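S.K.: Here's a structure for you.
Bear in mind that the values in this text are calculations on the coordinates, not laboratory data. Small disclaimer: the values here were computed from a predicted structure and weren't measured. As a convention, Cβ positions derive from the backbone with ideal geometry for all residues, glycine included, and neighbour counts pool all protein chains shown.
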Amino acid sequence: MGRVKWHGAKANGRICSPLAKHIGSQLLLLRQKHQMAMDQVAAGSKLSKTFICQIENGQSCPSAETLWRLSQFFVVPIGYFFRGYPVSIEEIRQPGQ
């Protein structure tokens, strides 16, 4: 099986994968739904505020353990962070690729 190529968007000069951006937007929506500050999420999940910010901005793709911590804190299934993400590679390819 060959490597998958993707052309990520840049956030603060860093290239972000589409998955990292999706997970970040899901975390932001969840935090806003619960009307919580980053500090509260950081303290409750035992992650740093900086790391929470990086995830929300798509600058960091969290590990399974990090997603587990966040899902436990917000009491959502770990799969929440992947909801709406394209299932097949054809769905994430841009036209002309």
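S.K.: Residue by residue through the range 33-43, what is 3J(HN,Hα) from phi via Karplus (6.51 cos²θ - 1.76 cosθ + 1.60, θ = phi - 60°)? Round to whole Hz and write x for glycine and proline.
M.R.: For the range 33-43, the Karplus-derived couplings read 4, 8, 6, 10, 7, 4, 4, 5, 5, 4, 5 Hz, x marking Gly and Pro.
S.K.: Which value in nm describes the separation of the simple spin-label points at Tyr85 and His34, placed 7 Å from the Cα toward the beta carbon?
M.R.: Label at Tyr85, label at His34, 1.9 nm between them.
S.K.: Here is a follow-up. What is the sum of charges around Gln40, taking Lys and Arg as +1, Asp and Glu as -1, for the other residues whose C-beta is under 15 Å from the C-beta of Gln40?
M.R.: On the way: positive: Arg31, Lys33, Lys46, Lys49, Arg69; negative: Asp39, Glu56.
Charge balance near Gln40 sits at +3.
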